[in-house]
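For reference, the structure is listed below as structure tokens.
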Amino acid sequence: MVVAKQKNFDTLLADPEDRLNGRLHYNRVSRMEATFKSGLESPVHRWFRLTPSFGTDLVRQMLTELEVNADDFILDPFAGASTTLIEAQLLGFAAMGFEINPLLHFVGETSIHWDCDPKAVIAASSQIQKNYKKNRPKVSFSNLTAHGFLIPPIHNPHRWWRDDVLTDLLVLKRAIAECTCSNPIRRLLTLALANALVPDLTNVTLGRLQLHFIDRSNDVIDVIETFERKVDEIIEDLEFVREGNPWKQANLFHQDSTALNGFRPAKPISIVVTSPPYPNRYSYVWNTRPHLYFFDFFSSAKQASDLDVKTIGGTWGTATSMLMKGIVNASHPAVENVVGKVVSEIRKQDNLMANYLMRYFNLLAQQILALSPHLAPNARFAYVVGCSRLKGIYVETDILLGQLFEELGIGLGLKKVERIRKRNSGKDLHESIVYAHKV
């Protein structure tokens, strides 16, 4: 690995190599390997596309670096689309995860259960398609209410879906609900529709991270054909995983990883592989908003903003309003020691963003501290994070997190920071893996 000088650091910060005593490395990984793209054609991982996910290849790289063995118990406290859990299960390792977003919890929990008979899924899919084709001609957007359909309570649904496409979607959603199949199969078929929803069937395109509205008034959008294609992928992958060796069933909990009161894992956690949201005002809630409302996880705008208030890096709606008021102080001396100066520099220009960054590291510290009682003596960590610029101030999330591990006073040490790729969003911004361990 080649160690290179990083240019254009903010003058506030000392040379990162000096601060890490030679533990900063540059080990370039391709965008295909590092991001969600490596999962688009991978068994099970392709069941749901979450653009801000790390890649399956990167998970395998981290598990190899951490020297995972059959006795280890893996945790992903920010499971997202459950890339870590799926990959651990494919490789035969025991794993569990936490996910606070109810849609992503549904996605992950459904994706790690492979007991359904593919033939039964085929039969259920056939029944759903017949139901859809029988009932769709009876329904139009103008008579949805008369047929008992409810338009998703998302703000301005006409912006999200064409009227004809939304009608197709609601009829198909009901056909899945009315299927006489088992509940696990119904969940798989609902997941297929969720996977098709964005971007194929919604008036959005996937940018580098966020959804962006586009005009699809002249597009050919075939709801049932797209759904059938996603179902075929699930059936093909079920056949694949059921032909292999028996897997160790992973578990995913609908849980805030910063608050684990009363939680007890099945065994001490020896491996943590995860990627918390980056400090760049990105909202997982926004990216999953159409799913959350279409699939009835949320029924009001308040629920979306309330969730963003709880999440690390959340800045949508109420979360931003709260951060505009007062001053967010460090919740632990280690947080003040690590990010206090950077926050102070940002606060000279913008109190909101200073509060945002302090809250971000407060919650990261809270998550690590909450996990501490459940760690095995040989626990090893790999956190994928992204550096950012807030109001022109360079926030080296990777180095700051490495320092935080060491300064929390719970017996953790930084092994190394590995910068794996340049981020798309700006000069000198990196995505990195922060490796740490119990000492």
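The values are calculated or read from the model by the stated rules, or taken from the named source; none is laboratory data. Predicted model, so just to flag it, every value in this text is computed and none were measured. Every residue, glycine as well, gets a Cβ built from its backbone with ideal geometry; the counts of neighbours run over all protein chains shown. Please note that ligands, DNA and RNA were not included when accessible areas were found on the heavy atoms of the full protein model with its side chains. Shrake-Rupley method; radii C 1.70, N 1.55, O 1.52, S 1.80 Å.
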Inset, instruction - Just need a number here: residues in region 108-131 that are open to solvent by 40 Å² or more (accessible area, probe 1.4 Å) and either closer than 15 Å to residue 44 by Cα or not in a helix (DSSP H, G or I) (or both). - result: 4
Legend entry - Pairs, first assigned to a helix (DSSP H, G or I) in region 68-95, second aromatic (Phe, Trp, Tyr) and at pLDDT 95 or above, C-beta under 9 Å, six or more apart: 86/47; 87/93; 89/114
Inset, instruction - Looking only at region 23-35, decide whether some residue is surrounded by 23 or more Cβ atoms within 10 Å (Cβ to Cβ), more than 15 Å from residue 273 (Cβ to Cβ) and either charged (D, E, K, R) or modelled with pLDDT of 90 or more (or both). - result: yes
Inset, instruction - Kindly indicate whether residue 137 is modelled with pLDDT of 95 or more, under 20 Å from residue 231 (Cβ atoms) and either surrounded by fewer than 19 Cβ atoms within 10 Å (Cβ to Cβ) or of a type outside the set (Val, Ile, Thr) (or both). - result: no
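Those residues that are aromatic (Phe, Trp, Tyr) and at pLDDT below 95, I need them from region 355-376; list them, please. Lay out the reasoning, then the answer.
Here is the first cut: in region 355-376, the residues aromatic (Phe, Trp, Tyr) are 356, 360-361.
Across region 355-376, the qualifying residues are 356, 360.
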Legend entry - Within region 159-259, strands (runs of 3 or more DSSP E) holding 1 or more residues that are open to solvent by less than 20 Å² (accessible area, probe 1.4 Å) and over 30 Å from residue 369 (Cβ atoms): 204-206, 211-213
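Have a look at 321, 299 and point out the one that is open to solvent by 50 Å² or more (accessible area, probe 1.4 Å) and either assigned to a strand (DSSP E or B) or without any contact (Cβ under 8 Å) to a residue 24 or more places away in the chain (or both).
Numbers: 299 fails: either assigned to a strand (DSSP E or B) or without any contact (Cβ under 8 Å) to a residue 24 or more places away in the chain (or both).
It is 321.
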Inset, instruction - Might you let me know whether region 400-416 holds any residue that is within 22 Å of the chain's Cα centre (by Cα) and in a strand (DSSP E or B)? - result: no
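Would you pick out the residues in region 204-235 that are of a type outside the set (A, V, I, L, M, F, W, C) and touching a strand residue (DSSP E or B) at 6+ places or on another chain (Cβ under 6 Å)? Before the answer, list the steps.
Start the filter on region 204-235 by keeping residues that are of a type outside the set (A, V, I, L, M, F, W, C), which leaves 205, 207-208, 210, 212, 215-219, 222, 225-226, 228-230, 232-233.
205, 212, listed by residue number.
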Inset, instruction - Just give me the residues in region 96-107 being open to solvent by 10 Å² or more (accessible area, probe 1.4 Å) and either among the aromatic types (Phe, Trp, Tyr) or without any contact (Cβ under 8 Å) to a residue 12 or more places away in the chain (or both), in sequence order. - result: 106
